[in-house]
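Scroll down for the structure; my scribbles are underneath it.
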Amino acid sequence: MSTELATATQHLERKGFLDLEVDPTLDLVAEINRLKKEKNAIILAHYYQESEIQDIADYIGDSLGLSQKAAQTEADIIVFAGVHFMAETAKMLSPQKKVLLPDLKAGCSLADSCPPALFKKFKEKYPDHIVVSYINCTAELKTLTDICCTSTNAVAIIESIPKEQPIIFAPDKNLGAYLQKKTGRENMVIWNGACMVHEIFSHERIVKLRNRHPNAKFIAHPECEAHILDMADYIGSTTGLLKYTINDPATEFIVATEAGILHQMQKSSPHKTFIPAPPENNCACNDCPHMKLNTLEKLYLCMEHELPEILLPDWVIEQGRASIDRMLKISEAAGLISG
Ligand code: 13P
Ligand code: SF4
């Protein structure tokens with residue numbers, strides 16, 4: 001646990017927040033909707049959240065869509081049903097608003113794989129490189145970044161940089177390798193980080209599954225390893241994957257990303273079949289343990305008590321935000337989001 005997280009957790013313990021229990025007779029959906037109205041709060045949820053959280057959210061989206069919503073909302077409180085780096089991004093984009101995260105321990109293995117102090121030293125070895133960081137990184141890492149990207153806009157961000165300009169890409173080595181292949185960039189140094197969920201898929205078990213479902217399309221998120229991506233009929237961000245399942249005539253899909261996205265896929269195409277890609281063993285490893293820390297009970301408590309709140313030092317907001325603003329500007333110019 002980081003020092004900041006330990007301090008914030010101690011603060012919640014002192015307030016008795018961590019011992020609070022929810023009255024089991026409460027209608028949580030009705031209570032959450034009441035709190036939303038009373039407090040002028042908006043619930044932003046990532047596709048990897050539990051389906052009951054997705055169903056109560058005001059907006060469900062991928063990292064790019066969520067950032068844009070956080071920047072534009074007129075609500076007083078942003079309740080972020082996602083993980084820590086996403087709530088931090090929302091705070092950087094709307095620093096005057098109160099940003100809440102139902103469980104402060106909802107972190108990210110990918111963000112954790114790139115500690116800012118180590119990255120700072122690494123960056124010093126490449127003084128003439130531009131730093132492009134995947135948005136799945138800490139707020140402090142964003143202060144060491146020139147341009148952020150998400151899986152929706154990563155290709156456009158790389159292509160917006162002159163060909164002769166060398167790049168450091170952090171923290172995801174799998175997305176980095178995919179970008180290198182897709183854009184033909186050779187002068188790219190890649191940090192050795194990865195997401196625990198997207199590295200777990202089994203090549204052998206996917207091949208067997210495809211043999212049993214010969215008409216199924218195999219679709220994958222670019223955080224997966226190259227040997228998994230090489231088999232894919234389509235590679236894209238969570239929004240890209242969802243749109244593909246809506247527009248493609250196939251009626252069966254094997255999906256290599258966190259299993260939460262299947263809820264929206266099934267809702268959008270009730271007549272189609274969605275099969276989560278199998279992991280290496282029989283665990284539920286394609287459920288992100290961080291994303292799944294959020295529950296309806298925690299969402300209710302967080303809105304009722306306005307805790308835990310995401311707080312960031314001013315210098316982190318100022319320096320980190322510039323890399324997100326650049327990303328949003330390039331995405332807008334590339335027609336990936338509306339202004
Ligand atoms: P996107 O929502 O941008 O596809 O990213 C997926 C992810 O790993 C979020 O943690
Ligand atoms: Fe992080 Fe992977 Fe979970 Fe996304 S799915 S929050 S990248 S650990």
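Observations on the structure shown:
- Taken as a whole, the range 28-39 holds no residue that is touching a residue at least 12 places away in the same chain (Cβ under 8 Å), within 16 Å of ligand 2 (Cβ to nearest atom) and in contact with a Leu (Cβ under 9 Å, 6 or more places away or on another chain).
- If you go through the range 191-216 and keep only what is away from ligand 2 (no atom under 16 Å from the Cβ), open to solvent by 20 Å² or more (accessible area, probe 1.4 Å) and among the aliphatic types (A, V, I, L, M), you end up with just Val207.
- The number of residues in the range 89-114 being touching a helix residue (DSSP H, G or I) at 6+ places or on another chain (Cβ under 8 Å), farther than 25 Å from Gln10 by Cβ and touching a residue at least 40 places away in the same chain (Cβ under 8 Å) comes to 2.
- If only residues of the range 217-235 that are open to solvent by less than 10 Å² (accessible area, probe 1.4 Å) and more than 8 Å from ligand 1 (Cβ to nearest atom) are counted, the one that is farthest from Gly176 (Cα to Cα) is Phe218.
- Hey, Ala154 surrounded by fewer than 23 Cβ atoms within 10 Å (Cβ to Cβ) and of a type outside the set (Val, Ile, Thr) or not: no
- Those strands (runs of 3 or more DSSP E) of the range 123-187 in which at least 2 residues are in contact with an Asp or Glu (Cβ under 8 Å, 6 or more places away or on another chain) and closer than 19 Å to Cys108 by Cα, considering only elements entirely within it, cover 130-134.
- Residue in the range 250-257 that is more than 10 Å from ligand 1 (Cβ to nearest atom) and among the hydroxyl-bearing types (Ser, Thr, Tyr) present: yes
- Candidate set: the range 157-184, residues that are away from ligand 1 (no atom under 16 Å from the Cβ) and open to solvent by less than 40 Å² (accessible area, probe 1.4 Å); chosen: the one farthest from the chain's Cα centre (by Cα): Pro166
- When Gln264 is tested against (1) open to solvent by less than 70 Å² (accessible area, probe 1.4 Å); (2) within 21 Å of Tyr134 (Cβ to Cβ); (3) within 16 Å of ligand 1 (Cβ to nearest atom), only condition (2) is not met.
The values are calculated or read from the model by the stated rules, or taken from the named source; none is laboratory data. Given the structure is predicted, the values throughout are model-derived calculations rather than measurements. Glycine gets a Cβ as well: all are built from the backbone with ideal geometry, and neighbour counts include every protein chain shown. Surface areas here come from the heavy atoms of the whole protein model, side chains and all, with no ligands, DNA or RNA. Shrake-Rupley method; radii C 1.70, N 1.55, O 1.52, S 1.80 Å.
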